[in-house]
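Derivation of every value follows stated rules applied to the coordinates shown; laboratory data play no part. These numbers come from a predicted model, not from an experiment. A quick note on method: Cβ atoms are made from the backbone with ideal geometry, for glycine too, and the neighbour counts reach across all protein chains shown.
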Amino acid sequence: MTAPSRWRAATIRAITPVTPRVKSFRFTPQPSPFEGPHRAGQHVDVRLTAPDGYQAQRSYSIASAPGDPAGLELMIEGLEAGEVSGFFDTVAEVGDEIELRGPLGAFTWGPEEGGPVLLIGGGSGVVPLLAMVRERALHAPEVPMLLIYSVRSGAEAIARAELSARSRDETGFDLTLLLTREGATAGRRIDRVMIDTAIECLGMPRHAFVCGGNGFVGAVADLLVDAGVRPSAIRTERFGG
């Protein structure tokens, strides 16, 4: 898919808290501000322009499934030093207009690609994977999919209630939630045993998607290869350090 390169205006339609630090922002319903629906896993560039002409931009993964009638959804974490995230955290209001460019990126999955699909996310890296989970539920419920989600605490887990409900109610979708700083799994990281258990439950994945920080993604990708997943089946998206 060729991404539109021009910037387009988008209006914030709704703002909803997701975790203590993350908010959901819904924008103008699709296909506007894009020429067509995105693919699950893609991102957009967001640009803000100050009255004096200063501009700041940042990339954010799309959380909504393609064609969601509720509009394009971004889940944005408020960061103390973040120019763009700080605006969304403390300034942005419903009705505000910003600029978006996209959709962008090849970190994508669609129903036509089939499965089994193994998703592994760390922290806010779960957002593009959430779009894939939602896309599966809408258009390919027969595709086996399993999500391993590593996050520091239950309170910080993005869409925890939704993912838990899908795991309970949707045949063929399973969730492994790893809380690294609380409860029985405090101090644990995703390891070979967890990967092997996921593959035993899911089957050898036809596609594996890993998203998170650089160190997280590198370590998990190595574990997948060690477990016998074809390197060509592994796609990664890295967020910062």
| said: Report the Cα centroid-to-centroid distance between region 166-199 and region 57-105 in angstrom, as an integer. | reply: 28
| Which longest run of the chain has no exposed loop site in it, a site being GluC sites (Glu not before Pro) in a DSSP loop with at most 16 other beta carbons within 10 Å, and the site itself not part of the run? | 183-241
| query | Roughly what % of DSSP beta bridges within the chain run antiparallel, to the nearest 5? | reply | 55
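Loop sites only, by DSSP: take the trypsin sites (Lys or Arg not before Pro) in the chain that have at most 15 other C-beta atoms within 10 Å and name the longest stretch containing none of them.
Details: sites that count: 6, 152, 181, 188, 189.
The longest uninterrupted stretch comes out as 7-151.
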| query | Using bins 10 angstrom wide from zero, how does P(r) for region 111-238 break down, in % of all Cα pairs? | reply | 13, 49, 34, 4
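With the Cα gyration tensor of region 72-141 in hand, give its eigenvalues times 5 under a square root as the equivalent ellipsoid semi-axes, listed largest first in whole angstrom. Mind showing how you got there, number by number?
Numbers: eigenvalues 166, 42, 24 Å².
Computed over region 72-141, the values are 29, 14, 11 Å.
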| field | Sequence of 207, 38 once ranked by neighbouring C-beta atoms within 10 Å, starting from the fewest | value | 207, 38
| field | Evaluated over the chain, the Cα radius of gyration and Dmax, each in Å | value | 17.6, 57
